[in-house]
Amino acid sequence: MARSPRPGHPFFAGAPQLIAHRGGSGLAPENTMAAFRCAVDEWDADMLEMDVRLTADGRVVVIHDETVDRTTDGTGRIRDMTWAEARELDAGFHFPDPNGGAPWRGRGARLPLFEEVLEAFPEMRIIVEPKAPETAGPLVRIIRAAGAER
């Protein structure tokens, strides 16, 4: 049996919502500050959607995949890297343009920390998915510390 939305729940109120999946990932490298900025400025997105994972030193990083291989110039699992290592990766390395070029390569696109996204977009509604169970606790602590629970 299908569940119906909870009446009056603010998530379901109003007109259809434009949710920027992994930020404006058609405009800029996914899950980067550039992608989130494009979603807000160019698409007038109502919500930002992102995925988070932990680094080896417990930092909550915005990245979808278990490894950095597909979206950066690095290789390996994000959970095996420290934040110092992860922040040096070029998150624009593989982002293509329609002609097969790499317009974001070497332009400073980096993996952001979740707390950086909260700080940069305090008024935005954010849908965040912890990709592993151990990420949930640190994620909730960051949300509470920022006063962003509701």
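In debye to the nearest 20, how big a dipole does the chain give about its Cα centre with +1 on each Lys and Arg Cβ and -1 on each Asp and Glu Cβ?
For the chain, the charge dipole is close to 420 debye.
For each of Ile78, Ile143, count neighbouring Cβ atoms within 10 Å of the residue's Cβ, then give the residues from fewest to most.
Ile143, Ile78
In Å, the Kirkwood hydrodynamic radius of the stretch 58-105 over pairs of distinct alpha carbons?
11.3 Å
Calculate for the chain the 222 nm mean residue ellipticity that helices alone would give, adding -39,500 (n - 2.57) per DSSP H run of length 4 or more and normalising by residue count, nearest 500 deg cm²/dmol.
It comes out at -5000 deg cm²/dmol, rounded to the nearest 500.
Report Rg(Cα)/(2.2 N^0.38 Å) for the chain, keeping two decimals.
Here the answer is 1.09, to two decimals.
Report the paramagnetic label zone for Asp97: residues of the stretch 14-41 whose backbone N is under 16 Å from a point 7 Å from Cα along the Cα-to-Cβ axis.
Residues passing the 16 Å test: 26-29.
Out of Pro133, Leu113, Thr75, whose Cα points farthest toward the positive end of the dipole of the chain (charges: +1 Lys, Arg; -1 Asp, Glu; placed on Cβ)?
The one lying farthest along the dipole's positive direction is Pro133.
Rounded to the nearest 10 degrees, what's the angle between the helix 136-145 long axis and the longest principal axis of the chain, both from Cα atoms, 0 to 90?
For 136-145 against the chain, the angle is about 70 degrees.
I need the peptides 52-63, 28-39 ranked by packing, meaning the mean over residues of other C-beta atoms within 10 angstrom, with the highest value on top.
28-39, 52-63
Antiparallel DSSP bridges in the stretch 19-145: what percent, to the nearest 5?
35 percent
By counting other Cβ atoms within 10 Å of each Cβ, how are Glu134, Glu123, Glu49 ranked from fewest to most?
Glu123, Glu134, Glu49
No lab work stands behind these numbers, since they all come straight from the coordinates. The structure presented is a predicted model; accordingly, all values stated were derived computationally and were not measured. Because the Cβ atoms are built from the backbone with ideal geometry, glycine has one as well, and the counts that use them run over all protein chains shown.
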